[in-house]
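Please read the structure below before turning to the comments.
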Amino acid sequence: MELIIAKDYREMSHQAATQVAANIIVKPELVLGLATGSTPVGTYEELIKMRKKGMVDFSKVTTFNLDEYIGLGPKDEASYHHFMFHNLFSGINVKRENINLLNGLAKDPEAECRRYEKAIRKAGGIDLQIVGIGQNGHIGFNEPCDVFPTVTHIVDLSEETRRVNAKFFKDKKKVPTQAISVGIGTIMKAKEIILLANTKEKAEAITEAIEGPVRPQVPASVLQLHPKSVMMLTEQAAKGLKRIFDKSSKFSYIEKKVL
Ligand code: F6R
């Protein structure tokens, strides 16, 4: 696990976008796993700027998003489908046929999970996966539970996640109770994973995920087992890490790069 601690959100976003762009330059037909939520918005803005300057070409890139609310369609402003077109896809030259999103309105959500999992496999798996982290340690919508979910599946959202995500809904009562999420097993099969976290509200989850034991009650802790996972944090999100900030800590350093 590599740890990158940026001074602030702008630097974290710039670093993440640079890493995504570098991967596309090395492999133009990159299969890119994407997240929604507030955290990656700055990264997506940077990628749009890079595209406008001709620094990166998405024409051969394939994307897969991590999750979608059950019951929300593309026209719903709170849907992740809408979020992605608004915050990224409309500003880059990715081909529509190469964009993969979960259908929150699928009549048979179980079949939708199977379709998506198959599509990821057909594309050869994810090369680079971007994830955020919930205050409860979730990645994708893999909520704390007793066993790590493997493949794309239906999730009952926790009350905490629904409360935190209510900020994206005009009518707070309309926060869905279920979602479809790519599973931990599929995320872990990505060749590289970048986790982004920038606020102090994430500090506890980040400490648990990096310094605590690997356990499904803190889903992000599984990234400790990945051969190429990068925790890209701001100082605020990293402030609970003993290994970095407590000199008397018995832990050894993983790796620290200050931007
Ligand atoms: C969204 C997703 C979630 C978010 C997480 C953090 O696609 O997969 O795991 O990354 O809930 O959300 P924000 O960035 O809004 O704090």
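The values are calculated or read from the model by the stated rules, or taken from the named source; none is laboratory data. This structure is a prediction, so every number in the text was calculated from the model and none was measured. Because the Cβ atoms are built from the backbone with ideal geometry, glycine has one as well, and the counts that use them run over all protein chains shown. Each accessible area value is taken on the protein alone, full model and side chains, heavy atoms only, with ligands, DNA and RNA left out. Shrake-Rupley method; radii C 1.70, N 1.55, O 1.52, S 1.80 Å.
Restricting the first residue to segment 1-25 and requiring it to be among the basic types (K, R), which pairs with a second residue that is in a helix (DSSP H, G or I) and open to solvent by 10 Å² or more (accessible area, probe 1.4 Å) meet a Cβ separation below 7 Å and a spacing of at least six or different chains?
K7/E235
Just one of K200, K172, K167 is charged (D, E, K, R) and under 20 Å from Y44 (Cβ atoms); which is it? Break it down into steps so the answer makes sense when it comes.
Numbers: K200 fails: under 20 Å from Y44 (Cβ atoms); K172 fails: under 20 Å from Y44 (Cβ atoms).
Going through K200, K172, K167 in turn, the sole match is K167.
So, in segment 201-230, of the ones that are touching a Lys or Arg at 6+ places or on another chain (Cβ under 7 Å) and either over 13 Å from L241 (Cβ atoms) or not acidic (D, E) (or both), which residue ends up nearest to the ligand (Cβ to nearest atom)?
Per the stated criteria, the residue is A203.
Would you confirm, using the coordinates I've provided, whether I120 is in contact with a strand residue (DSSP E or B) (Cβ under 7 Å, 6 or more places away or on another chain), farther than 13 Å from G183 by Cα, surrounded by 17 or more Cβ atoms within 10 Å (Cβ to Cβ) and of a type in the set (A, V, I, L, M)?
Judged against the criteria, I120 is not a match.
Is there a residue in segment 128-149 that is of a type outside the set (S, T, Y), without any contact (Cβ under 8 Å) to a residue 24 or more places away in the chain and touching a helix residue (DSSP H, G or I) at 6+ places or on another chain (Cβ under 9 Å)?
no
Would you tally the residues in segment 161-186 being near the ligand (Cβ under 10 Å from one of its atoms) and open to solvent by 60 Å² or more (accessible area, probe 1.4 Å)?
2
Can you pull out every residue in segment 32-54 that is open to solvent by less than 10 Å² (accessible area, probe 1.4 Å) and away from the ligand (no atom under 14 Å from the Cβ)?
Going residue by residue through segment 32-54, those that are open to solvent by less than 10 Å² (accessible area, probe 1.4 Å) are 32-35, 40, 42-44, 47.
L47, the sole residue that qualifies.
Working carefully through the options V151, V230, find the one that is closer than 25 Å to S13 by Cα and out of contact with any Cys (no Cβ under 6 Å at 6 or more places or on another chain). It would help to see each step written out before you state the result.
Details: V151 fails: closer than 25 Å to S13 by Cα.
Residue meeting the stated conditions: V230.
Each row is one residue, and each column tells you yes or no for (1) of a type outside the set (F, W, Y); (2) open to solvent by less than 10 Å² (accessible area, probe 1.4 Å); (3) without any contact (Cβ under 8 Å) to a residue 40 or more places away in the chain.
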| site | (1), (2), (3) |
| --- | --- |
| L196 | yes, yes, no |
| A209 | yes, yes, no |
| P213 | yes, no, yes |
| L223 | yes, yes, no |
| V230 | yes, yes, no |
| E235 | yes, no, no |
| A238 | yes, yes, no |
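Could you list, in sequence order, the residues of segment 82-106 that are open to solvent by less than 20 Å² (accessible area, probe 1.4 Å) and assigned to a helix (DSSP H, G or I)?
Correct list: M84, F89, G91.
Applying the selection to segment 131-158, what residues are within 14 Å of the ligand (Cβ to nearest atom) and charged (D, E, K, R)?
E143
Taking L128, is it within 15 Å of P40 (Cα to Cα), modelled with pLDDT of 95 or more, crowded, with 18+ Cβ neighbours inside 10 Å and away from the ligand (no atom under 12 Å from the Cβ)?
It is true that L128 is within 15 Å of P40 (Cα to Cα), modelled with pLDDT of 95 or more, crowded, with 18+ Cβ neighbours inside 10 Å and away from the ligand (no atom under 12 Å from the Cβ).
For segment 82-105, which positions are among the aliphatic types (A, V, I, L, M) and in contact (Cβ under 8 Å) with a residue 40 or more places away in the chain?
The answer is M84, L88, I92, L102.
Could you say which residue among G183, G134 is within 25 Å of S13 (Cβ to Cβ) and of a type in the set (G, A, S)?
Just a single option satisfies the conditions, and that option is G134.
Is it the case that segment 62-81 has a residue that's in a loop (DSSP other than H, G, I, E, B), within 14 Å of the ligand (Cβ to nearest atom), free of Cβ contacts under 8 Å to residues at least 40 places away in the same chain and not small (G, A, S)?
No, segment 62-81 contains no residue that is in a loop (DSSP other than H, G, I, E, B), within 14 Å of the ligand (Cβ to nearest atom), free of Cβ contacts under 8 Å to residues at least 40 places away in the same chain and not small (G, A, S).
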